[in-house]
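Below: one structure, written as structure tokens.
Derivation of every value follows stated rules applied to the coordinates shown; laboratory data play no part. Since the structure is predicted, the reported quantities are computational estimates derived from the model, not experimental observations. For neighbour counting, all protein chains shown are included, and Cβ atoms are generated from backbone atoms with ideal geometry for every residue, glycine included.
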Amino acid sequence: MLILDRYAALAVNHSPQGVLVAVQQVLRLVPAAKYVAIIIFLLNAGGWPFSWHFRILSPLFEGFFRINLIKLRNLFAAKQTKKKAVEAWYEGQMQIGEHPFRKVWTRSSWVRPDQSDFNLHMSNSSYAEVLDAARLRLALSAFPNIFRCGGWVPLSATHFHFIREIPMLSHYEVRVSIGSFDEKWLWVVSRFVKPVSKGKSKSAIKSALKSAAETATATVIPSITVPATPLTNGAGTPLVGSGADTELAPNAVAQALLAREAARTTEADGAMLYTVTVEQFCFKQGRITVPPAVVLAANGFHAAPSASASEPPSSTGARTAKPPMPPHWPAVRSLTGSMRALAKFYAGGWKDVPAGERWWEDAFAACEEERKARLVPFVGAETSFEGTRSGLNGGLAGVRALRS
């Protein structure tokens, strides 16, 4: 204690350099503290200065590098050849021909120590940090054309529905999909899930869920039976149906509730559902709001008449074949040839297109009824879908039931 008091006095009576010397002397007395400090410092690498900026902006750096590599390869080519190469690269990054409600963007990650709380679970505040990176990747992948001409995609609101905690150091996936859209707003649904292990088949998962439900029913909620000595009527005859060990309805109700809970926290492919989030966006060209249908169609999205609600989702991680070119794409190409013309179109030029030639309306005519049905969880069933309401009036339970 006398030694520590001496160093404390040194720190008080001297300049900041004296404080540093005192700290160094104390660390020499406790060598283990150095290693503890180094370990803590490394475990919190995700929270270092500018690490968040690097994670968020890395897609921009990657895109900047790739587009300049294309330009470098065509450095001595003709101007039109270089322009076509750049346009071809942009089109290769876009979701041309994809159904807006079938596309799923998947991103894998893990819970770092600096993202965890004192319960060794992912902190609630860390979900927003993860969504920051997922949002930018989604915007660059789904709506690159609006950024090219100076537009932007502001975030209006975010809603969280926490179902299960994610343990520290666990791996998880963020599955992002478009929920619905109206005349002003676009809703995006993100699901934090524990992916199915490669060794497990879907049938094995369903069997395990069924077995777990049966076990829980047998152990947690016991059967309810009638008394051992049944009641009798006045003539001494037992009441009808009053036999011993007769199971009543509550057991069936318990089974139904457990099955419902298992379905609630499990995705269609067997992945465990941790959290559902809803993000509400709009599109801006300057201060002017652009209808989501215009932006989606101008970035290649298209609901083909043959596409059905039962069609499996297409994921960025497992794309088998590119969908066919949508019929309206030549009209989009005529706009993307000039970024000034595209910006003018977004800023209100779309209003000048005659009613019969509005290709963005034709692009989603086949899914109009589905769009309205999917809109209910976000704006409620009692309102007209005119983009006048925002928020999450339909409740997160309905959003959770939406499938891509």
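Among the listed pairs Lys284/Lys344; Lys79/Lys351; Lys344/Lys372; Lys184/Lys284, those whose Cα-Cα separation exceeds 21 Å are Lys79/Lys351; Lys344/Lys372. What residues of the stretch 107-143 lie in the reach of a label at Thr289, counting those whose backbone N is under 11 Å from a point 7 Å from the Cα along Cα→Cβ? Taking a point 7 Å out along Cα→Cβ of Thr289, no residue of the stretch 107-143 has its backbone N under 11 Å.
Net length available on complete extension from Ala45 to Trp110 is 22.0 nm, with 0.36 nm assigned per residue and the Cα-Cα distance removed. Projecting label points 7 angstrom from Cα along Cα→Cβ for Thr81 and Ala341 puts them 2.4 nm apart. Each Lys or Arg adds one and each Asp or Glu subtracts one; over the other residues with Cβ under 13 Å from the Cβ of His53, this totals -1.
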